[in-house]
1. Around Phe46, which amide H atoms from residues at least 5 apart in sequence, or from another chain, sit under 5 Å from its own amide H, with H modelled in the peptide plane?
2. Taking GluC sites (Glu not before Pro) that fall in a DSSP loop and have at most 16 other Cβ atoms within 10 Å as cut points, what is the longest piece of the chain between them?
3. Size of the dipole of the chain about the Cα centre, Lys and Arg at +1 and Asp and Glu at -1 on the beta carbon, nothing else charged, in debye to 20?
4. Assuming 0.36 nm per residue, please report the length gained on full extension of the stretch Glu100 to Val57 beyond their Cα-Cα distance.
5. Too long at a 18 Å Cα-Cα cut-off: which of Lys77/Lys104; Lys27/Lys96; Lys9/Lys129?
6. As a test of the formula, what do you get for the chain when each DSSP H run with n ≥ 4 contributes -39,500 (n - 2.57) and the sum is divided by the residue count, at 222 nm and rounded to the nearest 500 deg cm²/dmol?
Amino acid sequence: MTEFTSEIKIIPYSDEVIFPVLSDLSKLELVRDRLPEDKLEKMKNFSCDRDSFTVSVDPVGSIRFVIVEREPNSTIKLQGEKLPFDINMWVQLKAKSETETAMKLTVKVNLNPFLKPMLSKPLQEGIAKVADTLARLPYDQISSL
């Protein structure tokens, strides 16, 4: 499996505030309007519930991620479905202080030799963008909704 990781992002909230937001995927709907218009155009047919989200992304098509494991205030593990390859994603949180948390995204994907050159760069760029977006969310506002 090929592994892609984001840079470690420092988020100005405690892990106790961040984890409940990220571990309930239905809260993604609350931040849709905060995404740039060009990103929304690329995300078609987006839907989510507490344990999963589905989105259509060109050129891959429909992707569904399901939470398969939650370790409170530490890790959220997701597994991809509806894809011709296996993919897993981890959101890792580590408290740095009472008001700061380090976050890293890791994706492991089983790409065949034909797909690997085509998907490696978009996957790495996508992970970086997701990490940037997650690091900028107003967790205190979202958690109170």
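FYI, it's all coordinate maths here, none of it is from the lab. Source: prediction; values computed, not measured. Cβ placement follows ideal geometry from the backbone for every residue including glycine, while neighbour counts extend to all protein chains displayed.
1. Those lying under 5 Å, H to H, from Phe46 are Ser56.
2. On the way: sites that count: Glu7, Glu98, Glu100.
With a cap of 16 other Cβ atoms within 10 Å, the longest stretch comes to 8-97.
3. Computed charge dipole of the chain: roughly 360 debye.
4. That pair, Glu100 and Val57, stretches by 12.3 nm at full extension.
5. On the way: Lys77/Lys104 12 Å; Lys27/Lys96 24 Å; Lys9/Lys129 11 Å.
Checking Cα-Cα distances, Lys27/Lys96 exceed 18 Å.
6. On the way: 5 runs with 43 residues, N = 145.
So the calculated ellipticity at 222 nm is -8000 deg cm²/dmol.
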